[in-house]
1. Being more than 23 Å from residue 354 (Cβ to Cβ), of a type outside the set (Phe, Trp, Tyr) and modelled with pLDDT of 95 or more is true for just one of 308, 317, 274, 322. Which residue is that?
2. Do we find that residue 35 is out of contact with any Lys or Arg (no Cβ under 9 Å at 6 or more places or on another chain), assigned to a loop (DSSP other than H, G, I, E, B) and either at pLDDT 95 or above or open to solvent by 30 Å² or more (accessible area, probe 1.4 Å) (or both) in this structure?
3. Can you work out which of the residues in segment 66-87 that are within 14 Å of residue 183 (Cβ to Cβ) and modelled with pLDDT of 90 or more is farthest from the chain's Cα centre (by Cα)?
4. Collect the residues in segment 264-285 that are in a loop (DSSP other than H, G, I, E, B) and surrounded by 17 or more Cβ atoms within 10 Å (Cβ to Cβ), keeping them in residue-number order.
5. Look through 301, 261 and report the one residue that is more than 18 Å from residue 364 (Cβ to Cβ), touching a Pro at 6+ places or on another chain (Cβ under 6 Å) and open to solvent by less than 30 Å² (accessible area, probe 1.4 Å).
6. Taking the condition outside any strand (DSSP E or B), out of contact with any Leu (no Cβ under 6 Å at 6 or more places or on another chain), of a type in the set (Phe, Trp, Tyr) and modelled with pLDDT under 95, does residue 46 pass?
7. If residue 288 satisfies all but one of (1) more than 25 Å from residue 189 (Cα to Cα); (2) open to solvent by 80 Å² or more (accessible area, probe 1.4 Å); (3) touching a helix residue (DSSP H, G or I) at 6+ places or on another chain (Cβ under 9 Å), what's the number of the condition it fails?
8. Report yes if residue 242 is open to solvent by 10 Å² or more (accessible area, probe 1.4 Å), out of contact with any strand residue (DSSP E or B) (no Cβ under 9 Å at 6 or more places or on another chain) and part of a loop (DSSP other than H, G, I, E, B), otherwise no.
Amino acid sequence: MMNKMMLLLLSGILFGGTCLAQGGYMVSGKVRGLAVARVHAVAADFGTADTLASAEVVNGSFMFRGVLPGDARAVILVFPGVDGRVPLLLENDVNYQISVTAQGAAIEGEGPAVQLLKEFERIGHDYAVEKNKVEAEYKALEGGGNPAKVESLQLRLDNAYKQSVLKTQELIKANADNYVSAYIIALNMAADDETTLRTKYELLGTSARATVPGKAIAAMLDRYGKLIDGEVAPNFTLMKPDGNTFTLHGLPAKWKVIHFWAAQQGSSRQDNSDLVKFYLQYRPKGLEIVSVALDESAAMWKQAIGLDGMIWTNGSDLKGMDSEIIRLYLVRDLPAYFLLDAENRIVARDLSFPELRAKMAELTKKKKKK
């Protein structure tokens, strides 16, 4: 049986320490009540999970040191045989003292990078507090029929969000070449739309862009660039319900709709009955639908196909939200639709079902006039 150790967030566990590790960092620690032999510091900032340092645990104590090529690096401390991870923001010229037990971990040691990280976190915390207040006031109004108050609350929430975005951008701009600025942007890039992400990235300086998280942001923006109208959609291979496979580009059709959904997510199935009617209307005109299920259960996936009458091409890699196709197409919400032409070029992306239906009506209407 594996030992258990609580996973602690990076924020909230760092507190004042001395900066004594000249020219590099030093991590020393004590392990109590856990049978572990080694500790590894593994990179955790959107790049390869490389082991940056490692040390043997002797009589409950360990120590390792190193020099970072930049000003900071986000890592996790991994204890083989223990179910749990300890996040740590390493900085040169900082000593860290760590106490690890089955209940969790406490870390002493703080430099400028952690201080900046806390500034970013305060912005997020302030927005979260205001959001919770607005939501509580809204719930208190349920059944009260007060449209003016509801509108006022929405304006408050919108303003709080805008202020948090503005403050975050100002802090990035003031620390344009800091690793933490790139790291914070990368932490949120899956939730940001392309415009927001690009705006943040353009605030970064050359050094921050050259960091691991900076390169991850650039890679994400590059993927967005490959999903613009007129570009060939990324190809993929998926398994059908019968166990055979198909490729997106290998399916012949005048129009292809890539439909992202998940059997276990009821809200993503809300369009399926209308999608059947849509398919029957446009299939004679050369349309094929490719439904990509972001599921892990084959049984649930196959059952939903039958229940919802999805009579077109269905596929899944059964990796759920860890599917590589999500990263290829940068899917953030379900259901989502991409429309392709006969050459697999993107006609429109990130459509809602009403937008998809309107786009197909527009395209087929134009073709009739020719």
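The values are calculated or read from the model by the stated rules, or taken from the named source; none is laboratory data. These numbers were taken from a predicted model, which means no experiment stands behind them. Positions of Cβ are generated from backbone atoms using ideal geometry, with glycine treated the same way; all protein chains shown enter the neighbour counts. Ligands, DNA and RNA are stripped out before the accessible areas are found, and what is left, the full protein with its side chains, is counted by its heavy atoms. Shrake-Rupley method; radii C 1.70, N 1.55, O 1.52, S 1.80 Å.
1. So the residue among 308, 317, 274, 322 that is more than 23 Å from residue 354 (Cβ to Cβ), of a type outside the set (Phe, Trp, Tyr) and modelled with pLDDT of 95 or more is 317.
2. yes
3. The qualifying residue farthest from the chain's Cα centre (by Cα) is 68.
4. Answer for segment 264-285, where residues must be in a loop (DSSP other than H, G, I, E, B) and surrounded by 17 or more Cβ atoms within 10 Å (Cβ to Cβ): just 271.
5. One residue alone meets the criteria, 261.
6. Considered against the rule, which asks whether it is outside any strand (DSSP E or B), out of contact with any Leu (no Cβ under 6 Å at 6 or more places or on another chain), of a type in the set (Phe, Trp, Tyr) and modelled with pLDDT under 95, residue 46 comes out as yes.
7. (2)
8. yes
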